[in-house]
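**Student:** Take this structure, written in structure tokens, and hold onto it; I'll ask about it next.
Since every read-out is calculated from the coordinates, none of them should be taken as a lab result. This one's a predicted model, so the numbers in the text were calculated from it and none came from an experiment. Cβ placement follows ideal geometry from the backbone for every residue including glycine, while neighbour counts extend to all protein chains displayed.
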Amino acid sequence: MSKQQPEIEVNNLTLGYGNFTLMKDISFQVNKGDIFIIMGASGGGKSTLLKALTGLLEPFSGQIRIGGTDFTKASPQQRNQIMQRCGILYQSGALFSSMTLAENIALPLQRYTAYSPKLINELVSLKLALVGLTGFEDYYPSEISGGMKKRAGLARALALDPEIVYFDEPSAGLDPISSKLLDDLILDLNQSLGTTIVVVTHELDSIFAIGNNSIFLDADTKGISGRGNPKELLKNTQNPKLREFLTRGGEKNA
Amino acid sequence: MPLTFNLTKQTLELELSGNFSGYDNETEKTALFNAAAKARNILVKTSGLGRWDSTLVVILYELAKRAERQKISYDFSSLPENLHRLVSLALEVDRNPPSPPDRTTPWLEALGGWGLNIYTGFVSGLKFLGRLLSSIGRFLTGKAVMRPVDFLFALEDCGYRAVAIVSLVSFMVGLILAFVGAIQLQTFGAQIYVASLVTIGMTRIMGAIMAGIIMAGRTGASYAAAIGTMQVNEEVDALKTMGIPVTDFLVLPRTLSLLITMPVLTVLADFMGIFGGTFVGTVMLDISLQEYIKYSVDTFELDNFLVGVFHGFLYGMIISLCGCYYGVNSGRNADSVGMAATKAVVSAIVWMIVVTGILTFIFKVLGI
């Protein structure tokens, strides 16, 4: 596993809804083991890009390659295979409310592996323990707090040992401490499993704490107006908009 | 990917070699844990470890948990760094559930809970009705907080958008009523009375019932789902904190529009049913149109017709009340919105039948 191997390649992607083009001809590359941040102002198309990457939205044109396979042209079966290698943490967890946490996490395992029920139970307990929810197997999503739901959602995203995990606004709605814990968890998972992590966020603290590569989406130019390690971007960027974003409107002078 | 270990002098030495992806060998694992129970010390050797995934982490996690429980010392430091990190991450408990949720209740408690539920449900239903009536009172004095556009939208939805389905179903009901009646009446050569049967049946009660059941399924359920989803999105909370009564803003426009449209839909259902009967009578029973109409008009009574319309009016109240009540009291997840819609329809239909029973008795006593 060389360090610079591309895991996700996006070439000339154009995205939008109906007649409305949200971003035009964007290209970027996420390397294996990266913690890749998709930043941008609200309404800049961050979540739309994530939808395209996870196959929920068909791009107008362009190509997305995941692990070397063309995701945009893949057949439904191929697409399913690719998605099995991806875990997604949705903004509010997206746990199935009629199932306990254990059942939620067991669902992908039951669907895609031939493991014995006992092993599945053990895996479920392990995943819950990894996100700090030991002993919460029999709780329903409605019985736990928002931050815990998010972590349980992460446990479900990790169920199949994914190679890529997407995070949609992981720190939205979390207190600073929970948000920090989640950031640490992301770093831990990235370092221990070598998981490629793609995070959509506009939380500056998270961006600088975890990101080692990033793109900045600009709603006005409909393109990418900055890329690279966020810490270096903060020092070097010449783009006034990106500088403003990274310094919270100029509070911090780099 | 064998899980080899040996136990010497109370020291368990576990040797991991080969690949551990998708490792699911229960007997080997049980043997390992049994051996570990006898040990005082656990060591791990990983010289030949190849690829691994969570199934290996599960074994190590389980081993470490057991070791900690039985106060056995264990040393995982020889594991590859990332694997070691992962196991220690799993072992790091930062929150334990306050108390495991207990979902079993003794039967007596369950029975009591069931009874109490019915009672509290009934009381809160009555309170809801009270609040709605006071909203209507405020509306009549012009003080209710209701946007006219909400009212018009609701009126449109349960008004002309419901005309097609109500017409179709009541036409079919009239048809069936005439057809079933005709089979019996024909044996006496009295098929002309099909006209009377259909006219009395439809105007007195069937028109109202058909309109009621259709609107309960169509509109009552949609009220419950719409308000329930607003509850999920905290829109209902926003209204409450703005000091806007939920009954004014959400329930009143819906109730008013059903109160207006239900009698009209009942009349529509009456005539569509009679029309369905006429169709059977003239096409299948060879009764001439004039004769059929004459018999229909002769048996048509204003009393019956008004009783039917009154039923329709009450059904409108019941449907809206049930739909909005279950919507406002819905829980905050997808399941409970579905449950709210189900309960709204079922209880609306049950209450419609109950009210019809009571009214029939009252009208009989009154001689109407």
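**Student:** Suppose R0 equals 51 Å; then what is the FRET efficiency for B:Ile183 and B:Trp114 from their Cβ-Cβ distance, rounded to the nearest 0.05?
**Tutor:** Numbers: r = 45 Å, r/R0 = 0.88.
The formula returns an efficiency of 0.70 here.
**Student:** Follow-up question, since we're still on this one. Toward the positive end of the charge dipole of chain A, about the Cα centre and with charges on Cβ (Lys, Arg +1; Asp, Glu -1), which of A:Ile35, A:Ser116, A:Gly132 goes farthest?
**Tutor:** A:Ile35
**Student:** Right, another one. Pop the C-beta distance of A:Ser61 and A:Phe208 into the FRET formula with R0 = 30 Å and round what comes out to the nearest 0.05. It would help to have the intermediate numbers written out before the result.
**Tutor:** On the way: r = 34 Å, r/R0 = 1.13.
Working from the Cβ atoms, E equals 0.35.
**Student:** From the convex hull of the Cα coordinates of chain B, what is the mean projected area in square nanometres? Mind showing how you got there, number by number?
**Tutor:** On the way: hull surface 128.1 nm².
The orientation-averaged projected area of the Cα hull of chain B comes to 32.0 nm².
**Student:** Can I ask one more? Only bridges whose two residues both fall in chain A count here: according to DSSP, what percent of them are antiparallel, nearest 5?
**Tutor:** Working: 18 of 36 bridges.
About 50 percent, rounded to the nearest 5.
**Student:** Now for a different question. Calculated FRET efficiency, B:Leu126 and B:Ile200, Cβ-Cβ r, R0 30 Å, to nearest 0.05? Mind dumping the intermediate values first?
**Tutor:** Details: r = 35 Å, r/R0 = 1.17.
According to the calculation, E is roughly 0.30.
**Student:** Would you grab the residues whose amide H sits under 5 Å from the one on A:Tyr166? Only those 5+ places off in sequence or on another chain, please, with H modelled 1.01 Å from N.
**Tutor:** A:Gly87, A:Ile88, A:Leu89, A:Val198
**Student:** Quick one: Karplus J couplings for the range A:167-175, per residue in order, coefficients 6.51, -1.76, 1.60, θ = phi - 60°, nearest Hz, x for Gly and Pro?
**Tutor:** With coefficients 6.51, -1.76 and 1.60, one gets 10, 9, 6, x, 9, 4, x, 10, 6 Hz.
**Student:** Still on this model: For A:Glu7, which sequence-distant residues (separation of 5 or more, or a different chain) have an amide H within less than 5 Å of its own amide H, given hydrogens modelled in the peptide plane?
**Tutor:** Amide H neighbours of A:Glu7, under 5 Å, 5+ apart: A:Val30, A:Asn31, A:Lys32.
**Student:** Sticking with this structure for a sec: Explain nothing, just the number: relative contact order of the range A:188-254, from Cα pairs under 8 Å at least 6 residues apart, as a whole percent. Before the final figure, lay out each step's value.
**Tutor:** On the way: 55 pairs, mean separation 12.8, N = 67.
Relative contact order comes out at 19 percent.
**Student:** Report D for chain A in µm² per second (integer): Stokes-Einstein, Kirkwood Rh on Cα pairs, 10 °C, 1.306 mPa s. It would help to have the intermediate numbers written out before the result.
**Tutor:** Values: Rh = 18.9 Å.
Approximately 84 µm²/s, per Stokes-Einstein.
**Student:** For chain A, what is the mean residue ellipticity at 222 nm derived from helices alone (per DSSP H run of n ≥ 4: -39500 (n - 2.57); sum divided by total residues; nearest 500 deg cm²/dmol)?
**Tutor:** Working: 9 runs with 94 residues, N = 254.
Counting only the DSSP helices, I get -11000 deg cm²/dmol.
**Student:** Toward the positive end of the charge dipole of chain B, about the Cα centre and with charges on Cβ (Lys, Arg +1; Asp, Glu -1), which of B:Leu197, B:Val169, B:Leu79 goes farthest?
**Tutor:** B:Leu79
**Student:** Can I ask one more? Mind listing the long-range amide H neighbours of B:Phe5? Cut-off is under 5 Å, sequence gap 5 or more, other chains count too, H placed in the peptide plane at 1.01 Å from N.
**Tutor:** B:Glu15
**Student:** With runs of 4+ DSSP H residues as the only contributors, calculate the mean residue ellipticity of chain B at 222 nm using -39,500 (n - 2.57) per run, divided by the residue total and rounded to the nearest 500. Before the final figure, lay out each step's value.
**Tutor:** Working: 14 runs with 248 residues, N = 368.
That calculation yields -23000 deg cm²/dmol at 222 nm.
**Student:** Can you tell me the relative contact order of chain A? Whole percent, Cα pairs under 8 Å, sequence separation 6 or more.
**Tutor:** On the way: 467 pairs, mean separation 61.9, N = 254.
Answer for chain A is 24 percent.
**Student:** Then there's this: Which parts of the range A:154-169 would a label at A:Leu107 reach, counting a residue when its backbone N lies under 11 Å from a point 7 Å out along Cα-to-Cβ?
**Tutor:** A:156-157
**Student:** Next up: Let me know the Rg and Dmax you get for the protein assembly as shown when you use only its Cα atoms, in Å.
**Tutor:** For the protein assembly as shown, the Cα-based Rg and Dmax read 33.6, 109 Å.
**Student:** Please report the orientation-averaged projected area of the range A:86-144, defined via the convex hull of its C-alpha atoms, in nm².
**Tutor:** Details: hull surface 17.0 nm².
Its average projected convex-hull area is 4.3 nm².
**Student:** Indicate, rounded to the nearest 5 percent, the antiparallel portion of the DSSP beta bridges found entirely in chain B. Write down the numbers at each step before the final one.
**Tutor:** Values: 6 of 17 bridges.
Around 35 percent of the beta bridges assigned by DSSP in chain B are antiparallel ones.
**Student:** Now for a separate question. Let me spell out the model: positive unit charges on the Cβ of Lys and Arg, negative unit charges on the Cβ of Asp and Glu, origin at the Cα centre of the range A:129-254. What dipole size does that give, in debye rounded to 20?
**Tutor:** Around 500 debye, computed over the range A:129-254.
**Student:** Further question: Give me the one-decimal nm value for the distance between modelled label points at B:Thr241 and A:Arg79, 7 Å along each residue's Cα-to-Cβ direction.
**Tutor:** Placing both labels 7 Å beyond Cα along the Cβ direction yields 4.0 nm.
**Student:** Considering chain B as a Gaussian network with a 10 Å cut-off on Cα pairs, which listed residue, B:Leu12, B:Leu168, B:Leu268, attains the greatest mean-square fluctuation?
**Tutor:** Taking springs between Cα atoms under 10 Å, the residue moving most is B:Leu12.
**Student:** Among the chymotrypsin sites (Phe, Trp or Tyr not before Pro) in the range A:132-199, which ones are in a DSSP loop with at most 10 other Cβ atoms within 10 Å of the Cβ? Mind listing them?
**Tutor:** Values: sites: A:Phe136, A:Tyr139, A:Tyr166, A:Phe167; in loops: A:Phe136, A:Tyr139.
Sparse-neighbourhood loop chymotrypsin sites (Phe, Trp or Tyr not before Pro): none present.
**Student:** Work out, step by step, the length gained on full extension between B:Lys71 and B:Glu26: first 0.36 nm times the residue separation, then minus their alpha carbon distance; give nm to one decimal. Display every interim value, and only then the final one.
**Tutor:** Working: separation 45, 0.36 × 45 = 16.20 nm, distance 2.41 nm.
In short, 13.8 nm is gained.
**Student:** Ok, one more. What's the extension gain from A:Ile177 to A:Ser142 if we count 0.36 nm per residue and subtract their Cα-Cα distance? Before the final figure, lay out each step's value.
**Tutor:** Details: separation 35, 0.36 × 35 = 12.60 nm, distance 2.18 nm.
Extra length available between A:Ile177 and A:Ser142 comes to 10.4 nm.
**Student:** Quick one: if you stick a label point 7 Å off each Cα along the C-beta vector at B:Val232 and B:Ile353, how many nm between them?
**Tutor:** My value for the distance between the label points is 3.0 nm.
**Student:** Which net charge results when you count Lys and Arg as +1 and Asp and Glu as -1 among the other residues whose beta-carbon is under 12 Å from that of B:Leu132? Spell out each step's value before the answer.
**Tutor:** Details: positive: B:Lys127, B:Arg131, B:Arg138, B:Arg254; negative: B:Asp248.
Net local charge, B:Leu132 excluded: +3.
**Student:** Another question, then. Mind checking the dipole of the protein assembly as shown: about its Cα centre, +1 per Lys or Arg Cβ, -1 per Asp or Glu Cβ, Debye to the nearest 20?
**Tutor:** Working: 52 positive and 54 negative charges, 116 e Å.
Result for the protein assembly as shown is approximately 560 debye, rounded to the nearest 20.
**Student:** What is the local net charge at A:Leu89, summed over the other residues whose Cβ is closer than 10 Å to its Cβ (Lys, Arg +1; Asp, Glu -1)?
**Tutor:** Values: positive: A:Lys150, A:Arg151, A:Arg156; negative: A:Asp168, A:Glu169.
Net local charge, A:Leu89 excluded: +1.
**Student:** Obtain the nm distance between the two label points defined at A:Thr221 and B:Thr4 by a simple spin-label model: each point lies 7 Å from its Cα along the Cα-to-C-beta direction.
**Tutor:** Placing both labels 7 Å along Cα→Cβ, they lie 6.1 nm apart.
**Student:** Over the Cα atoms of the range B:245-343, what radius of gyration and what Dmax do you get, in Å?
**Tutor:** Spelled out, the Cα radius of gyration and Dmax of the range B:245-343 are 19.7, 59 Å.
**Student:** Which length gain, in nm to one decimal place, applies between B:Ile362 and B:Ser288 when the Cα-Cα distance is subtracted from 0.36 nm times their residue separation?
**Tutor:** My answer for the length gained is 22.8 nm.
**Student:** With Cβ to Cβ distances under 11 Å as the rule, what net charge do the other residues near B:Glu26 carry (K, R +1; D, E -1)?
**Tutor:** For residues surrounding B:Glu26, the net value is -1.
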